[in-house]
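Note sheet for the following structure.
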Amino acid sequence: DRLAGQVLGTAAAGTWSKPTPMPMDAYRDGETYVVCFDLPGIDPSAIELQVERNVLTVKAERRPVHTGEKFEMQVNERPLGVFSRQLFLGETLDADRIDADYSAGVLTLRIPIAEKAKPRRIEINAAEHREISA
């Protein structure tokens, strides 16, 4: 859709009712899942993070930087509007301990694996030779 919009010149800005999806990468790093969203030029105060019933929603809005009578746009290739993405977090992730950082236009979320989902060793109690009475 994004490529077709660029080629045809019909790329529309996202709205709150129909946001544009944002690019992301996701990977596992040890005991943590890391998700990175490209949000260049967006003020951190314009980013919303919400978790409800294991659904993580990321919304952001890129607003016009310049306005005024003498302002005249020459080239307009950076899309404005609302961007959004939803991720379904499995039961194995600890949604209560999500850490979020925003740097250089990238929102990075670190989601730890829940303790209950980590492999654990179960101790075996060795029973001494028990006499079986008949």
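The values are calculated or read from the model by the stated rules, or taken from the named source; none is laboratory data. Owing to the predicted nature of the structure, the values given are computational and were not obtained by experimental measurement. Using ideal geometry, Cβ is built from the backbone for each residue, glycine included, and neighbour counts are taken over all protein chains shown.
Some values worked out for this structure:
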item: Subset of the stretch 2-41 that is within 15 Å of the chain's Cα centre (by Cα) and among the hydrophobic types (A, V, I, L, M, F, W, C) - its residue that is modelled with the lowest pLDDT; result: Met22
item: Test for Thr67: is it among the hydroxyl-bearing types (Ser, Thr, Tyr) and in contact with a Phe, Trp or Tyr (Cβ under 8 Å, 6 or more places away or on another chain); result: no
